[in-house]
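Here the structure is laid out as structure tokens; the discussion comes afterwards.
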Amino acid sequence: MWESPHLSAQIIIKYSKFGDPVSARSLFDAIVVSSNSFLWNTMIRAYANEGLCTETLELYLLMRRKGVGPNNYTFPFVLKSCASRSLVSEGKLVHGEAIRTGFESDVYVEAALVDMYAKCGQTDDGRRVFDRMSKRDLVCWTAMITAYEKSERANDSLMLFHQMQEKGGLAADSVTAVSVASAVAQLGDAKRARSIHAHSIRNGFLEDVFVGNSIIAMYSKCGNVEDARLVFNLMEGKDGISWNSMLSGYNENGRASEALLLFEQMQVSGAKPNPVTALIVISSCAYLGSLYLGKKMHNFIINSRLGIDTTLLNAIMDMYAKCGDLDTAVQMFNSILSSEWNVSSWNVMISGYGMHGHGQEALKLFSQMQEEGVEPNHITFTSLLSACSHAGLIEEGKKCFEDMKKLSMIPELKHYTCMVDMLGRAGFVEEAFELIKEMPSEANDSVWGALLLACKIHGNTELGEIAAKNLFHLEPEHTGYYVLMSNIYAASSKWQEVGRLREDMKSRGLKKPAAFSVIEFGKEVHGFHTADQTHPECREVYKMVGELVIKMKMAGYSPDLSCVLHDVEEEDKEHILTTHSEKLAVAFGIMKTDSRSGMPIRVTKNLRVCNDCHSAFKFISSICGRKIVVRDGNRFHHFQAGSCSCKDYW
DNA sequence: TTAGGGTTAG
């Protein structure tokens, strides 16, 4: 029997098909192996198809040592193994052997090489092989299109897709459509997204769940959640990834509450959440800043035994920090051995300390991290610089920036944004502007935005105008920048300029974003707009604000009328201040919660808290003996006994 | 005797 290599090969393949490569190998070893490559190829194929990479490569080496020549059947399997583990150097050696043995231009070997280089992220090497190929089929084209997409070269990916249709005369199938949709998603090109969707409908690709899922992700990343939802609703065979894609689509577009609503529907539908779902939904809670929902989701994750890995733990800690409960985040961090944490865990805590104004603690944690031998990455430095900025630790921040360069890390735009923010807030607006001028690349809207904010805080109209000019050019539709500049003009009573900007906004159809504050206690959530008239208890709330103002005035408070950016009478200004959404929310909290409970009043505001409210909350915390925690658009403020954790520096 | 391309989160 052993004399027939074909029969032996069939048995080896059978063993392999039944998932028993060990028996296959025993049989292989028992056979007197000839110099014929056939049986070797069969055994290598068995290992490669089982995903046993080491075994494949070892057997390949043994084959070479025994003087058996590999051929066009050997290389595709060996290359497949290299691809599966991203073993670039091994793959390149095998490529060399294929050249030496004269099998490089075999179509199967070529295709395997393209695939290997693509999977190892060596896109250009893959392209060189691809260009030399004598015959290319749809799979080869798709492999190369996907390789570009995966290495974030969306334009190259789409260019190749068009070449495939025009020069190659090939039509895409659903697999190609998935990669092309991902490439369009990377570019965020809403117009092309529609055309890919239409193409997929025409060709019936939407029956493939992979295509539906990638189109949902594509629309979401192009800012078109409505169409993503439409595709999602029409999908017949939704799987876990469909739900997750739609959930994260809402998150990406700042619509976290809709993500949570969809999550409820997901549970009703019977679809089973997985750890990715948990990760997405926990970050929705973090975005909303709802401690109640965050805790509820944390319990859900524990009870549903989803399996909590470090990534999910990091997201949970991040959620607690962003929902104002830094203590729980710290407790979680300290309750686990530091060897269990990865660099993101440290980053989460450093940024958590930062957003709550504990700059020194953030720096301490950074030292500890380095003592533990954990290498910081660019996110570590973003978190650190932002922590220094919030705490006004200028010298420390400058040192971090230098440390970063010493570690051969090139500062990115976000690091410059933090530096401009840090210098600008501290009053070094000119120095911040100099830094922008020295930047190796062009400043983006975040960098100029940080400068504009600094100009608003310190009343620098001249530099503010320069920042605004750049911003109006870069982001002509971003309302916030018009508002900031108009606030700068208003603060120096340049009402004509204010009017001009207002007209400009009007002609572009832009509206000032409405201020909105949310207060949460127990299961209750209440929202207030500026001058809210819709809350069922708003009369009582205004009465409470009035009483608080009287008490505050007796304690020395005087309204900061400069916070009213309208050209109106002083008396009206004072009244306008009492209608700010965050004041209404805090007053409601005082009315509804028991001071004896020791629970803080937790308010989240979508925009930056105003100076007058900030001052008022310090008085209220002292008068009412309450802790007030406010999360504004930028950071946390913890008011207690007449002062704020930000030390009036924000 | 042969193979190869795909979706979500961080």
Long-range neighbours under 8 Å by Cβ, at least six apart or interchain, first residue free of Cβ contacts under 8 Å to residues at least 12 places away in the same chain within the stretch A:103-127, second of a type in the set (Gly, Ala, Ser): A:Glu104/A:Ala98
Tell me whether the stretch A:95-105 contains one or more residues that are charged (D, E, K, R), open to solvent by less than 80 Å² (accessible area, probe 1.4 Å), away from DNA strand B (no atom under 11 Å from the Cβ) and assigned to a helix (DSSP H, G or I). yes
Residue count, the stretch A:509-555 (criterion: touching a residue at least 12 places away in the same chain (Cβ under 8 Å), farther than 24 Å from A:Gly633 by Cα and open to solvent by 40 Å² or more (accessible area, probe 1.4 Å)): 5
Options A:Ala443, A:Ala432: the member that is in a helix (DSSP H, G or I) and among the aliphatic types (A, V, I, L, M): A:Ala432
If a residue has to be surrounded by 14 or more Cβ atoms within 10 Å (Cβ to Cβ) and either within 10 Å of DNA strand B (Cβ to nearest atom) or part of a loop (DSSP other than H, G, I, E, B) (or both) to count, how many in the stretch A:189-205 make the cut? 4
Only one of (1) within 16 Å of DNA strand B (Cβ to nearest atom); (2) closer than 22 Å to A:Ser351 by Cα; (3) not small (Gly, Ala, Ser) does not apply to A:Leu291, and that is (1)
Which condition does A:Ala111 not pass, out of (1) more than 9 Å from DNA strand B (Cβ to nearest atom); (2) surrounded by 15 or more Cβ atoms within 10 Å (Cβ to Cβ); (3) not aromatic (Phe, Trp, Tyr), if it passes all the others? (1)
List the pairs whose first member sits in the stretch A:263-278 and is closer than 23 Å to A:Leu313 by Cβ, whose second member is open to solvent by 20 Å² or more (accessible area, probe 1.4 Å), and whose Cβ atoms are under 6 Å apart, counting only residues at least 6 apart or on separate chains? A:Met266/A:Trp243; A:Asn274/A:Gly240; A:Pro275/A:Leu306; A:Pro275/A:Gly307; A:Ala278/A:Leu306
In the stretch A:1-86, which helices (runs of 4 or more DSSP H) lie fully inside it and hold 1 or more residues that are more than 24 Å from A:Thr101 (Cβ to Cβ) and open to solvent by 20 Å² or more (accessible area, probe 1.4 Å)? A:5-17, A:21-30, A:37-50
All-but-one check, A:Ala259 against (1) farther than 20 Å from A:Met319 by Cβ; (2) touching a Gly at 6+ places or on another chain (Cβ under 9 Å), failing number (1)
Wholly within the stretch A:559-650, which helices (runs of 4 or more DSSP H) include no fewer than the required count, namely at least 3 residues that are in contact (Cβ under 8 Å) with a residue 60 or more places away in the chain and either of a type outside the set (D, E, K, R) or not assigned by the TED database to the domain that holds A:Gly289 (or both)? A:581-592, A:611-623
For the stretch A:145-188, name all the residues that are open to solvent by less than 30 Å² (accessible area, probe 1.4 Å) and more than 9 Å from DNA strand B (Cβ to nearest atom). A:Tyr148, A:Ala154, A:Ser157, A:Leu158, A:Leu160, A:Phe161, A:Met164, A:Val180, A:Ala183, A:Val184
Any idea which residue in the stretch A:230-256 is farthest from A:Ala185 (Cα to Cα), counting only those that are in contact with a Gly (Cβ under 7 Å, 6 or more places away or on another chain) and part of a loop (DSSP other than H, G, I, E, B)? A:Met235
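The values are calculated or read from the model by the stated rules, or taken from the named source; none is laboratory data. Since the structure is predicted, the reported quantities are computational estimates derived from the model, not experimental observations. Counting neighbours? That spans all protein chains shown, and the Cβs are built from the backbone with ideal geometry, glycine included. The area values use the complete protein model at the heavy-atom level, side chains included, leaving out ligands, DNA and RNA. Shrake-Rupley method; radii C 1.70, N 1.55, O 1.52, S 1.80 Å.
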